[in-house]
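The next block holds one structure in the form of structure tokens; read it before the comments.
Just so it is clear, none of the values below were taken in a lab; they were calculated from the coordinates. Keep in mind that what you see is a predicted model, and the values were worked out from it rather than measured. As a convention, Cβ positions derive from the backbone with ideal geometry for all residues, glycine included, and neighbour counts pool all protein chains shown.
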């Protein structure tokens, strides 16, 4: 069901979940020269999309189609870059082999980037203790969660403005794909570990900066009443009940106005927060 008050339900983006342009290296590594030839074919397809004879298409149709083709080309370009880096990373692998590591077959990885999922292969080396690493991922600064730093940063920034559900919807609308809400939450919590150190090292804001004041105002439980007690009892004595005359006198008394301090308590909490919504690149890049 469409939610009229949110963007969820209005995503309308074309989900790029197939990634047909990368089928050539989905099940086995491909040489960078092979991927480069695929780039030239895709550029020719782009020009063919624009150079149609007797073209009667509207601009909106061309713009939307061009977006998908450009995103597809960007994924192939990133795959080409990763393939070349893998081919030129022999020296990095050799350093690990000299430390006693054993070289294993290349392993496939799906990297979720701004343009969508990129498939690439990289060498795996195993340490003597049993754990292993991928030298290419280490050299490129890629994390094990399968997301690029740009995607993680965008999702974390959006999460300070909207809910996780809205972040996934916005990503699907503008990028054509979206991480799960759980992945967005983990990204926010992961980056949140570094916020305290960043605030300690950050310079103080000008003119004391701005603060966000959140005030919670609510009523406490009733603290006073014009009615007498229903019953009283003391140790070693029989239970006594208030006389009927007391109840009659209390019933004739006017009720205190609503919100009067004589009937309800007041509880007010104020929370002062620094301007967390104002980010600096150092908050994400250390």
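How would 35, 70 line up from fewest to most surrounding beta-carbon atoms within 10 angstrom? All intermediate terms of the calculation are to be shown ahead of the outcome.
Details: 35 23, 70 13.
Listed from fewest to most nearby Cβ atoms, that is 70, 35.
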Can you pull the three principal axis extents for the Cα set of the range 150-191, in Å, largest first? 25, 18, 15
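Where Rh is the Kirkwood radius over the Cα pairs of the range 12-142, the temperature 25 °C and the viscosity 0.890 mPa s, what D in µm²/s does Stokes-Einstein return? Working shown, then result.
Values: Rh = 16.7 Å.
Result for D is 147 µm²/s.
Can you sort 59, 199, 147 from fewest to most other Cβ atoms within 10 Å of each residue's own Cβ?
Values: 59 7, 199 11, 147 20.
Result, fewest neighbours first: 59, 199, 147.
Hey, can you rank 128-134, 109-115 by average C-beta count inside 10 Å, highest first? Intermediate results must be reported in sequence, preceding the final value.
Numbers: 128-134: 11.6, 109-115: 17.9.
The most tightly packed comes first, giving 109-115, 128-134.
Among 25-31, 181-187, how do they line up by average Cβ neighbours within 10 Å per residue, starting with the highest? Show your work: numbers first, answer last.
Working: 25-31: 13.9, 181-187: 17.6.
Highest to lowest by the protection proxy: 181-187, 25-31.
Using the count of nearby Cβ atoms within 10 Å as a rough guide to exposure, how do 77, 97, 82 rank from fewest to most? Show your work: numbers first, answer last.
Values: 77 16, 97 12, 82 23.
If I rank by nearby Cβ atoms, fewest first, I get 97, 77, 82.
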